[in-house]
Amino acid sequence: DEKARAQSVAAAIAVSPRSRDLEPTNHLAEAEAIVLAQRLAGEVAFILLDELAARDVAQQLGLTVTGFAGILRAAHARRLLRPDDAQAILRACQAQGTHYSNAFIQTVVDELRRHNDETEASENHTA
């Protein structure tokens, strides 16, 4: 049954080398999302997870995973978000307790800026 499956997935997350919390019950939300994504296989493109241990387990189970930064990258690729906007959003998440390091935020912003530079160069070359 799915409840037992979620408990098993939560236990796997808890013992993952990248887990910061060894208590399985604290991983039930991510585990339930993973079990649901497995049930909906073929109907969902990816599962949104930021916790590294949960991402590892989901990938081991064959799911495609993205995090919040991946959503920001997708918004940027669709020209819905500028690099500075992404930086402000990630900093706000960090201020509210999300475990994003300054280096991670800078890496994301640098990637978005490089993408801007490459896009502009490509557009100038074809114009």
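The values are calculated or read from the model by the stated rules, or taken from the named source; none is laboratory data. As the structure is a prediction and not an experimental result, all values here were calculated from the model. A quick note on method: Cβ atoms are made from the backbone with ideal geometry, for glycine too, and the neighbour counts reach across all protein chains shown. Heavy atoms of the whole protein, side chains included, go into the accessibility calculation; ligands, DNA and RNA do not. Shrake-Rupley method; radii C 1.70, N 1.55, O 1.52, S 1.80 Å.
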## Note on the structure
Simple spin-label estimate for THR64/GLN94, 7 Å along Cα→Cβ, in nm, reads 3.0 nm
### Query
Once the dipole of region 16-66 is set up with Lys and Arg at +1 and Asp and Glu at -1 on Cβ about the Cα centre, which of LEU49, SER19, GLY62 lies farthest towards its positive end?
GLY62
### Summary
Taking a probe of 1.4 Å and leaving out DNA, RNA and ligands, the chain shows per residue an accessible area in Å² of 63 Å²
### Task
Report the trypsin sites (Lys or Arg not before Pro) located in region 14-89 that are in a DSSP loop and have at most 11 other Cβ atoms inside 10 Å of their Cβ, or state none.
ARG20, ARG78, ARG79
### Query
Taking only C-alpha pairs under 8 Å that are 6+ residues apart, what is the relative contact order of the chain in percent?
16 percent
### Task
Would you indicate which of [x] 17.5, 49; [y] 15.9, 61; [z] 17.4, 58 is the value of Rg and Dmax of the Cα atoms in Å derived from the coordinates of this structure?
[z]
### Query
How far is it, in nm, from the label point at ALA77 to the one at ARG113 when both lie 7 Å from their Cα along the line to the Cβ?
2.2 nm
### Summary
Note: probe point = Cα of VAL44 + 7 Å toward Cβ; backbone nitrogen < 12 Å; residues of region 64-90 passing the test are 64-66
